[in-house]
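Below is one structure; the comments refer to it alone.
The values are calculated or read from the model by the stated rules, or taken from the named source; none is laboratory data. Note that the structure is predicted; figures quoted are calculated from it, not measured. Don't worry about glycine lacking a Cβ; one is built from the backbone with ideal geometry, like all the others, and counts go over all protein chains shown. We work out accessible area using only protein heavy atoms, side chains counted, and drop any ligands, DNA or RNA first. Shrake-Rupley method; radii C 1.70, N 1.55, O 1.52, S 1.80 Å.
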Amino acid sequence: MTGTAAPYALVIGIECHVELATSSKMFCGCAARWFGAAPNTLVCPVCLGLPGALPVPNRRAIELAMTAGLALHCEVPAHTKFDRKNYLYPDLPKGYQISQYDLPLNTAGWLEIAGDDGRPKRIRITRAHLEEDTGSLHHDGRGTLVDFNRSGVPLLEIVSEPDISSAREALRYLESLREILIFAGVAEFRLEEGGARFDVNVSIRFDEGGETRWPPQSEIKNLNSFRALEEAVAYESARLWDEWHAGGDIRTRRTKVTVGWSPERGRTFPQRQKEEVDDYRYFPEPDLVPLSPAPADVERLRAALPEMPVEQRARFVRDHGLSEYDARVLVSDRALASFFEDAVRAAGGEPKQVANWVTGELLRYLKEGNGAVSAAKVTPAHIGELVRIVKDGTISNTAAKEAFAEMWVSGKAPRDVVESKGLAQVSDEVQIRAAVDAVVAENDQAIATYRAGKPQVLGALVGKVMKRMGGKANPAVVTSVLRERIG
Amino acid sequence: MSTLDRSVVEKVAGLARIELTDEEIERFTAQLSVVLDAVDRLRSVDTSAIPPTASVLPVDNVMREDVVRPSLPLEEVFRNAPGRDGDYFRVQTVLEQR
Ligand SMILES: [Zn+2]
């Protein structure tokens, strides 16, 4: 990977296309969840581009796009509109894509990542605009097959400034973006289902004979995984450097090149130079009227924004005293994070104990059962109660784990499980004293050893008392009674 | 006066994937020049006091609710398709992938 060791600085900007989590498409009522559907079953005259069909924007898509912008600290313009981007390609049935050109829905935002020097770094976001996705093409030996199910799915294109300085920072930027969009309920960001794609602009900058060289960039199109992005950036930046030193046309060329990425070969390949901006012949979409986001609506969406992951993690560490690791695990899933907070409330505090249960037993059982937090029979109130009865000595930690297993299956409250399974531990000193007496009577040798100055024998004696009481004695009480008796 | 030359017409035809003969290029260059000159006359109107607009319609914020409606049955989908292969549209091979 290209890091500090490389003889050049990397300058990276990313365009991220992400499908919005709507039920229906951007401009028609066809279902937006195209992945896995039988070909061409989610299409209508609008998304097939049939003559005379008219688009009507999806209110939810516009709200989600604005929510994304607000979460990314963008400005919301007073006026915005849709434009036609004209180009001919078989995945685009109308011969144009409805997009946004000069008045995007969101402008001038930022998000913060950990920079390569470990310090917080802001990556500026130029714009985030709405457009429609295209159909998908399949190539076989005889030609090209087109499925228009994806055509017209709402797509948010988020364009960063070239503020990213390494492949690692690029990954952190995308991970952060993904987390924010999922948390805000804007997108599901399912890369494996084609729900997000990236175009990455890569250039290198270096000194040569006292002069700064900044040759034209490469645009790597249509990356669909974080891994592809990492590998493609490393490959292409090294290739630019090599081409410069081999005296290639990069030395004289003024414009960027467009390349694709072949994960199989681990290399980029040149692509047809797509149209320049002028060639797209953008003009205002005559079939749609402009949008003027009402300030009241903007404020309503802003108020509905959940706490963002980076802030929530910081708060969990600061207010709950959790480790960075636990905070990261809990905040990886919005439902898990709120489960944790509800459980802390139910426990009346004890956030560390609650976190242990949630990141330990709960997550383990969820993983085994491949289930979602929301579907679990164990509730935050149950975890709160479990923490409380461990703390007040009603049950031991070991018994609590046994109780959890039962709660997981039956959904019963901890106290009911403790009662029905007889898990309560005995703290009653009369019973414990009797058991201690019996153990002391049978272990002269061990007691002599203890008195001779070997306190480590105590553990074995505690174990014998516990065994005698069927493991239900409170070990702290046993230890103190025993010490008192033989000390 | 517009100075449209034939290279512009060739370029626009290329973007539209339309093949034109030499004679057509000549003819369209002349015709399009007339159109552009006519549109050019709009520049002489003083618009400094008129707020910019993207639409001539006196409405904005027309939207629909996010509700799924039935899509077309397959036989309707392919009714006018130039080529069908199973449940896909078949088109001429595209050499370069986007
Ligand atoms: Zn449709």
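Taking the criterion of being modelled with pLDDT under 75 and assigned to a helix (DSSP H, G or I), the only residue of the stretch A:416-429 that qualifies is A:429.
Determine whether residue B:47 is more than 7 Å from chain A (Cβ to nearest Cβ), surrounded by 10 or more Cβ atoms within 10 Å (Cβ to Cβ) and modelled with pLDDT under 90. The answer is no for residue B:47.
Scanning the stretch A:59-82 for residues that are hydroxyl-bearing (Ser, Thr, Tyr) and under 25 Å from the mean Cα position of the chain (by Cα) turns up just one, A:67.
Taking (1) in a loop (DSSP other than H, G, I, E, B); (2) within 14 Å of chain B (Cβ to nearest Cβ); (3) open to solvent by 70 Å² or more (accessible area, probe 1.4 Å) in turn, residue A:185 satisfies each apart from (3).
Pairs meeting the criteria (first residue in the stretch A:173-190 and polar (S, T, N, Q), second residue open to solvent by 70 Å² or more (accessible area, probe 1.4 Å) and not in a helix (DSSP H, G or I), beta carbons under 9 Å, at least 6 apart or on different chains) are A:176/A:112.
Number of residues in the stretch A:32-57 that are more than 7 Å from every other protein chain (Cβ to nearest Cβ) and closer than 18 Å to residue A:289 by Cα equals 5.
Contact map, the stretch A:130-142: residues that are at the interface with another protein chain (Cβ under 10 Å from one of its Cβ atoms) paired with residues that are of a type in the set (Gly, Ala, Ser) and crowded, with 20+ Cβ neighbours inside 10 Å, Cβ distance under 7 Å, separation 6+ or inter-chain. Pairs shown: A:134/A:151; A:135/A:151. Whenever a residue of the stretch A:366-392 is within 14 Å of residue A:353 (Cβ to Cβ), its partners that are outside any helix (DSSP H, G or I) and open to solvent by less than 40 Å² (accessible area, probe 1.4 Å), lying with C-beta atoms within less than 8 angstrom and at least six residues away or across chains, give the pairs A:382/A:413; A:385/A:413; A:389/A:395; A:390/A:396.
What strands (runs of 3 or more DSSP E), lying completely within the stretch A:10-126, carry at least 2 residues that are within 16 Å of the ligand (Cβ to nearest atom) and surrounded by 17 or more Cβ atoms within 10 Å (Cβ to Cβ)?
Numbers: elements: A:83-86, A:96-99, A:106-114.
Because the criterion is at least 2 residues that are within 16 Å of the ligand (Cβ to nearest atom) and surrounded by 17 or more Cβ atoms within 10 Å (Cβ to Cβ), the strands (runs of 3 or more DSSP E) in the stretch A:10-126 that meet it are A:96-99.
Which helices (runs of 4 or more DSSP H) sit wholly inside the stretch A:442-487 and have at least 1 residues that are touching a Phe, Trp or Tyr at 6+ places or on another chain (Cβ under 7 Å)?
Details: elements: A:444-451, A:457-468, A:475-486.
Because the criterion is at least 1 residues that are touching a Phe, Trp or Tyr at 6+ places or on another chain (Cβ under 7 Å), the helices (runs of 4 or more DSSP H) in the stretch A:442-487 that meet it are A:457-468, A:475-486.
Give the stretch A:281-308 a look and list any residue that's away from chain B (no Cβ under 14 Å) and either in a loop (DSSP other than H, G, I, E, B) or at pLDDT below 85 (or both), or say none.
A:305, A:306, A:307, A:308, listed by residue number.
The strands (runs of 3 or more DSSP E) found entirely in the stretch A:197-280 that carry 3 or more residues being in the same structural domain as residue A:161 (by TED's automatic domain parsing) and closer than 30 Å to residue A:19 by Cβ are A:218-223, A:257-262, A:267-270.
Out of A:175, A:131, which single residue is closer than 27 Å to residue B:78 by Cβ and outside any loop (DSSP other than H, G, I, E, B)?
Details: A:175 fails: closer than 27 Å to residue B:78 by Cβ.
Going through A:175, A:131 in turn, the sole match is A:131.
Residue A:414 fulfils the conditions (1) more than 17 Å from residue A:474 (Cα to Cα); (2) of a type outside the set (Gly, Ala, Ser); (3) in the same structural domain as residue A:474 (by TED's automatic domain parsing) except for a single criterion, (3).
Beta carbons closer than 9 Å, at least 6 apart along the sequence or on distinct chains, pair a first residue in the stretch A:41-65 that is at positive phi with a second that is open to solvent by 20 Å² or more (accessible area, probe 1.4 Å) and more than 11 Å from the ligand (Cβ to nearest atom) for A:49/A:94; A:49/A:96.
When the residues of the stretch A:215-243 are narrowed to those that are free of Cβ contacts under 8 Å to residues at least 40 places away in the same chain and more than 28 Å from the chain's Cα centre (by Cα), which ends up nearest to the other protein chains (Cβ to nearest Cβ)? The extreme case among them is A:239.
Could you go through the stretch A:372-389 and let me know if any residue there is on the phi < 0 side of the Ramachandran plot, at pLDDT below 80 and open to solvent by less than 90 Å² (accessible area, probe 1.4 Å). I'd like the intermediate steps shown before the answer.
Let us first name the residues in the stretch A:372-389 that are on the phi < 0 side of the Ramachandran plot, namely A:372-389.
Subset that is at pLDDT below 80: none.
No, the stretch A:372-389 contains no residue that is on the phi < 0 side of the Ramachandran plot, at pLDDT below 80 and open to solvent by less than 90 Å² (accessible area, probe 1.4 Å).
Could you check, for the stretch A:281-295, whether at least one of its residues is under 30 Å from residue B:61 (Cα atoms), in contact with a Leu (Cβ under 8 Å, 6 or more places away or on another chain) and open to solvent by 70 Å² or more (accessible area, probe 1.4 Å)? Within the stretch A:281-295, one or more residues are under 30 Å from residue B:61 (Cα atoms), in contact with a Leu (Cβ under 8 Å, 6 or more places away or on another chain) and open to solvent by 70 Å² or more (accessible area, probe 1.4 Å).
Inclusion of residue B:60 among residues that are out of contact with any helix residue (DSSP H, G or I) (no Cβ under 7 Å at 6 or more places or on another chain), open to solvent by 50 Å² or more (accessible area, probe 1.4 Å) and facing chain A (nearest Cβ under 7 Å) is warranted.
Anything in the stretch A:143-172 that is within 8 Å of chain B (Cβ to nearest Cβ) and either out of contact with any Cys (no Cβ under 8 Å at 6 or more places or on another chain) or not in a loop (DSSP other than H, G, I, E, B) (or both)? List them, or say none. Working first, answer last.
Start the filter on the stretch A:143-172 by keeping residues that are within 8 Å of chain B (Cβ to nearest Cβ), which leaves A:143-148.
Answer for the stretch A:143-172, where residues must be within 8 Å of chain B (Cβ to nearest Cβ) and either out of contact with any Cys (no Cβ under 8 Å at 6 or more places or on another chain) or not in a loop (DSSP other than H, G, I, E, B) (or both): A:143, A:144, A:145, A:146, A:147.
Among the residues of the stretch A:430-465, those that are under 22 Å from residue A:399 (Cβ atoms) and modelled with pLDDT of 80 or more comprise A:433, A:434, A:435, A:436, A:439, A:459, A:460, A:461, A:462, A:463, A:464, A:465.
Here's the yes/no breakdown for (1) open to solvent by less than 70 Å² (accessible area, probe 1.4 Å); (2) among the charged types (D, E, K, R); (3) farther than 30 Å from residue A:332 by Cα:
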site: A:391; (1), (2), (3): no, yes, no
site: A:407; (1), (2), (3): yes, no, no
site: A:430; (1), (2), (3): no, no, yes
site: A:451; (1), (2), (3): no, yes, yes
site: A:459; (1), (2), (3): yes, no, yes
site: A:473; (1), (2), (3): yes, no, yes
site: A:477; (1), (2), (3): yes, no, yes
site: A:481; (1), (2), (3): yes, no, yes
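Does the stretch B:15-33 hold any residues that are closer than 25 Å to residue A:89 by Cβ and of a type in the set (Asp, Glu), and which are they?
B:19, B:24
Name the residues in the stretch A:296-322 that are charged (D, E, K, R) and either surrounded by fewer than 17 Cβ atoms within 10 Å (Cβ to Cβ) or in contact with a Phe, Trp or Tyr (Cβ under 7 Å, 6 or more places away or on another chain) (or both), would you?
Keep residues of the stretch A:296-322 that are charged (D, E, K, R), which gives A:297, A:299-300, A:302, A:307, A:311, A:313, A:315, A:318-319.
Listed by number, the residues that qualify are A:297, A:299, A:300, A:302, A:307, A:311, A:315, A:318, A:319.
The numbered conditions (1) at the interface with another protein chain (Cβ under 9 Å from one of its Cβ atoms); (2) open to solvent by less than 50 Å² (accessible area, probe 1.4 Å); (3) more than 30 Å from residue A:140 (Cβ to Cβ) are all true for residue B:13 except (1).
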